[in-house]
1. Which residue is nearest to ALA74 (Cα to Cα), if the candidates are limited to the stretch 26-42 and must be assigned to a loop (DSSP other than H, G, I, E, B) and in contact with a strand residue (DSSP E or B) (Cβ under 6 Å, 6 or more places away or on another chain)?
2. Of all residues in the stretch 43-88, count the ones that are outside any loop (DSSP other than H, G, I, E, B) and charged (D, E, K, R).
3. Check the stretch 47-54 and report whether any residue there is under 18 Å from TRP114 (Cα atoms), open to solvent by less than 30 Å² (accessible area, probe 1.4 Å) and of a type outside the set (Val, Ile, Thr).
4. Name the single residue that is farthest from GLY14 (Cα to Cα) among those in the stretch 68-88 being touching a Leu at 6+ places or on another chain (Cβ under 9 Å) and surrounded by 19 or more Cβ atoms within 10 Å (Cβ to Cβ).
5. Just checking, does the stretch 8-25 include any residue being assigned to a strand (DSSP E or B), open to solvent by 80 Å² or more (accessible area, probe 1.4 Å) and not small (Gly, Ala, Ser)?
6. Would the stretch 8-25 turn up any residue that is closer than 20 Å to ALA91 by Cα, under 14 Å from the mean Cα position of the chain (by Cα), polar (S, T, N, Q) and modelled with pLDDT of 95 or more?
7. Among the residues of the stretch 89-121, what is the count of those that are touching a strand residue (DSSP E or B) at 6+ places or on another chain (Cβ under 8 Å), farther than 20 Å from GLN2 by Cα and open to solvent by 10 Å² or more (accessible area, probe 1.4 Å)?
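The values are calculated or read from the model by the stated rules, or taken from the named source; none is laboratory data. What you see is a predicted model, and the numbers here were worked out from it, not measured in a lab. Using ideal geometry, Cβ is built from the backbone for each residue, glycine included, and neighbour counts are taken over all protein chains shown. Just so you know, the surface numbers come from the protein's heavy atoms only, side chains and all, with ligands and any DNA or RNA stripped out. Shrake-Rupley method; radii C 1.70, N 1.55, O 1.52, S 1.80 Å.
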Amino acid sequence: VQLQAFGGGLVQAGGSLGLSCAASGRTFSRYWMAWFRQAPGKEREFVAAITWSSSNTFYADSVKGRFTISRDNAKNTGYLQMNSLQPENTAVYSCAVGRPDIAELRMTVGYDYWGQGTQVTVSS
């Protein structure tokens, strides 16, 4: 699966951004999809994940209630809507797909295919 994330940019604190992840190649709908982010000088961290059928979603505690992950399998595209953004949300956001065990869904090892990230910068 080839993945391409886009939609990042510069936004003021309190603002919103919507990211998209376009997939091609193997059947996108067979995989879970997740978003991770990596801030300068920090390790990559889990943001959100969604099952192949959209039946379940999972979020990092820090974004719960502000971010929404979704997908449209007919369009081979996943999304991350980010609201009430704060400067600490500044990072490179990457999408990934895989078939993680429940224990791995918040871990990078749970995902096999990764897209190039898109930069999100939140100014104070």
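1. Filtering the stretch 26-42 down to residues assigned to a loop (DSSP other than H, G, I, E, B) leaves 26-27, 31, 39-42.
Still in the list and also in contact with a strand residue (DSSP E or B) (Cβ under 6 Å, 6 or more places away or on another chain): 31, 39.
Details: TYR31: 13, ALA39: 32 Å.
Per the stated criteria, the residue is TYR31.
2. Within the stretch 43-88, the subset outside any loop (DSSP other than H, G, I, E, B) is 45-50, 57-59, 67-75, 77-82, 87-88.
Next cut, charged (D, E, K, R) only: 45, 71-72, 75, 88.
Matching residues across the stretch 43-88 total 5.
3. Filtering the stretch 47-54 for residues under 18 Å from TRP114 (Cα atoms) gives 47-52.
After this cut, where a residue has to be open to solvent by less than 30 Å² (accessible area, probe 1.4 Å) as well, the list is 47-51.
Then drop every residue that is not of a type outside the set (Val, Ile, Thr), which leaves 48-49.
Looking for residues that are under 18 Å from TRP114 (Cα atoms), open to solvent by less than 30 Å² (accessible area, probe 1.4 Å) and of a type outside the set (Val, Ile, Thr), one finds at least one in the stretch 47-54, hence yes.
4. Here is the first cut: in the stretch 68-88, the ones touching a Leu at 6+ places or on another chain (Cβ under 9 Å) are 68-70, 78-83, 85.
Filter once more, so that each one left must be surrounded by 19 or more Cβ atoms within 10 Å (Cβ to Cβ): 69, 78-80, 82, 85.
On the way: ILE69: 19, GLY78: 23, TYR79: 19, LEU80: 16, MET82: 10, LEU85: 5 Å.
My answer is GLY78.
5. In the first step, residues of the stretch 8-25 are kept if they are assigned to a strand (DSSP E or B); the result is 9-12, 17-24.
Next cut, open to solvent by 80 Å² or more (accessible area, probe 1.4 Å) only: 10, 12.
If we keep only those that are not small (Gly, Ala, Ser) too, we end up with 10, 12.
Scanning the stretch 8-25 turns up at least one residue that is assigned to a strand (DSSP E or B), open to solvent by 80 Å² or more (accessible area, probe 1.4 Å) and not small (Gly, Ala, Ser).
6. Filtering the stretch 8-25 down to residues closer than 20 Å to ALA91 by Cα leaves 8-22.
In the following step, the residues that additionally are under 14 Å from the mean Cα position of the chain (by Cα) were identified as 8, 17-22.
Within this subset, residues satisfying the condition of being polar (S, T, N, Q) are 20.
The next check asks that each one be modelled with pLDDT of 95 or more; those that pass are 20.
Yes, the stretch 8-25 contains at least one residue that is closer than 20 Å to ALA91 by Cα, under 14 Å from the mean Cα position of the chain (by Cα), polar (S, T, N, Q) and modelled with pLDDT of 95 or more.
7. Number satisfying all stated conditions: 3.
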